[in-house]
Amino acid sequence: MDFFNKIGDSIVNATQEVGEKAKGMTDIAKLQYEMKSKEDFLNKQYQEIGKMFYEANKSEAPEEYAQVFEEVEAAAVKISELQEEIASLKGGKACPKCGAIVSSAASFCSECGTKLNDIFEED
């Protein structure tokens, strides 16, 4: 009987160790998930700060940021051109404010409500 008791104790101990390791792995996974969420939040905040800085300084870019500001402006122009090309292929125009494709005859953007005639007349 002593043999079976030893086997039973070994199985119980092994099960407890596995349970503790599984709990430890679960705790690590939870912490890693929380850390990743905080890193994502931090990156979004950095992006927002960068966007705010760009918007506040785009008319007079600080010298050390001039090249980056030019690249941002070039990318924005290219996005606008691509939106117009897509809208044209779909038989409409891209709203210059939000980029939604609207009918050429539309007076207002169906997505953001911007009055289109005024904007398109400025072009």
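Where does helix 66-89 land angle-wise versus the long Cα axis of the chain, in degrees 0 to 90, nearest 10?
Tilt relative to the chain: about 80 degrees.
Which of Ile79, Ile49, Ile28 ends up with the largest GNM mean-square fluctuation for the chain, with Cα atoms connected below 10 Å?
Ile28
Which value at 222 nm does the chain reach when only helices count, each DSSP H run of 4 or more adding -39,500 (n - 2.57), with the total divided by all residues and rounded to the nearest 500 deg cm²/dmol?
Calculated at 222 nm, the ellipticity per residue is -25500 deg cm²/dmol.
For Asp27 and Asn5 in the same chain, what is the full-extension length gain: residue separation times 0.36 nm, less their Cα-Cα distance, in nm?
Values: separation 22, 0.36 × 22 = 7.92 nm, distance 3.27 nm.
That pair, Asp27 and Asn5, stretches by 4.7 nm at full extension.
So how tilted is helix 2-57 from the main axis of the chain? Cα-based, degrees 0 to 90, rounded to 10.
Between helix and principal axis, roughly 20 degrees.
Skipping prolines and chain starts, which residues have an amide H placed within reach, meaning under 5 Å, of the one on Thr114, given they are 5 or more residues away or on another chain?
Long-range HN contacts for Thr114: Cys109.
List the trypsin sites (Lys or Arg not before Pro) in segment 1-74 that DSSP assigns to loop (not H, G, I, E or B) and whose Cβ has at most 13 other Cβ atoms within 10 Å. Which are they?
Answer by residue number: Lys58.
What is the gain in length, in nm to one decimal, between Glu39 and Asn57 on full extension, counting 0.36 nm per residue of separation less the C-alpha to C-alpha distance?
Values: separation 18, 0.36 × 18 = 6.48 nm, distance 2.68 nm.
Difference between extended and current length: 3.8 nm.
Would you please state the base-10 log of I(q)/I(0) at q = 0.17 1/Å for the chain, with intensities from the Debye formula using one equal scatterer on every alpha carbon?
-1.00
Run through every distinct alpha carbon pair of segment 60-123 and return the Kirkwood hydrodynamic radius in angstroms, one decimal place.
Hydrodynamic radius (Kirkwood, Cα pairs) of segment 60-123 is 12.9 Å.
No lab work stands behind these numbers, since they all come straight from the coordinates. Model, not experiment: these values are computed from the prediction. So basically every Cβ, Gly included, is an ideal-geometry build from the backbone, and we count neighbours across all protein chains shown.
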